Amino acid sequence: MNTKNLNKERGKAARQEEATAEDTTNLQENQPNTTEEAEGTDIVTDEGESLQKKYDVLNDSHLRLMAEFDNYRKRTLREKAELIKTGGESVLSGLLSVVDDFERAVQNIRTADDITAVSEGVELVFGKFNSFLAQQGVKPIETIGKAFDMETSEAVATIPAPQEDLKGKVIDCVQTGYKLHEKVIRHAKVVVGE
């Protein structure tokens, strides 16, 4: 019996030695090669540095672009404010010659004896003023004798039509309306026949 036990013990020990030897072999196979690991670390470090450089370049260009856009936005706002402030300068400088004519007309009205000459002078100034408005794209809205149009006119009164064909048409214009190019800037105030 001792021999049997001894043989069992020896078999067990032999199996353990084989298992230990096999584990050692497996451990050696599973351990990474330190030179390969060092090369991999270098590659990762190089890639990291390369990505960091790309990030820095992109971040710098992004910051510059944002600053450039902010400068553009501020410059545009300044230009718009300047246009709003002085945009009517050319129109107003064109009106100055008409104002000069009105000053001369007012001076002549005070000292003139011939009322016909004064009225002709005022009509000339009025004509000059209307031609200036036409150059700027401002035109009066023609209403008298035409069908009432709510888009361009405002009815301030209605009266019985003196003739049958004037029903629904403008009989009189109390205040002239104006268009700037094709946009109504002041509606005409009219009297409509019913």
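None of the figures in this text is laboratory data; all of them are computed from the coordinates on show. Treat the numbers as computed from the prediction; the structure is a model and nothing was measured. All Cβ positions, glycine included, derive from the backbone under ideal geometry; neighbour counts span all protein chains shown.
For ALA161, the amide hydrogen comes within under 5 Å of the amide hydrogens of GLU194, counting only partners 5 or more places away or on other chains and with H modelled in the peptide plane.
Of the residues LEU63, ALA155, SER90, the one whose Cα sits farthest toward the positive end of the charge dipole of the range 40-194, with +1 on the Cβ of Lys and Arg and -1 on the Cβ of Asp and Glu, is ALA155. Here r is the Cβ-Cβ distance between ASP113 and LEU92 and R0 is 41 Å; the resulting FRET efficiency, rounded to 0.05, is 0.75.
Going by neighbour counts of Cβ atoms within 10 Å, the residues SER97, SER153 line up, fewest first, as SER97, SER153. Distances between placed amide hydrogens fall under 5 Å for GLU154 paired with ALA188, LYS189, VAL190, all partners being 5 or more residues away or on another chain. With the simple spin-label model, which puts each label point 7 Å out from Cα in the Cβ direction, the GLN163 to ILE185 separation comes to 3.4 nm. Residue by residue, the range 166-178 carries 3J(HN,Hα) couplings of 9, 5, x, 10, 7, 9, 9, 10, 7, 9, 5, x, 9 Hz when phi is fed to the Karplus relation 6.51 cos²θ - 1.76 cosθ + 1.60 (θ = phi - 60°); x denotes Gly or Pro. Backbone geometry of the range 184-194 corresponds, through the Karplus equation with coefficients 6.51, -1.76 and 1.60 at θ = phi - 60°, to 3J(HN,Hα) couplings of 6, 9, 8, 6, 6, 9, 10, 10, 10, x, 10 Hz, x marking Gly and Pro. Per-residue Karplus couplings for the range 76-88, computed as 6.51 cos²θ - 1.76 cosθ + 1.60 with θ equal to phi - 60°, are listed in order as 5, 4, 4, 5, 5, 4, 5, 5, 5, 5, 10, x, x Hz, Gly and Pro entered as x. Taking Cβ atoms as reference points and 12 Å as the exclusive limit, the residues near LYS85 contribute a net charge of -1, counting Lys and Arg as +1 and Asp and Glu as -1. Given H placed on each backbone N at 1.01 Å, which residues far from LYS179 in sequence or on other chains put an amide H within less than 5 Å of it? When sequence neighbours closer than 5 places are left aside, the close amide H contacts are LYS139, ILE141, ILE185.
With a Förster radius of 45 Å applied to the beta-carbon distance between VAL99 and MET66, the computed FRET efficiency rounds to 0.35.
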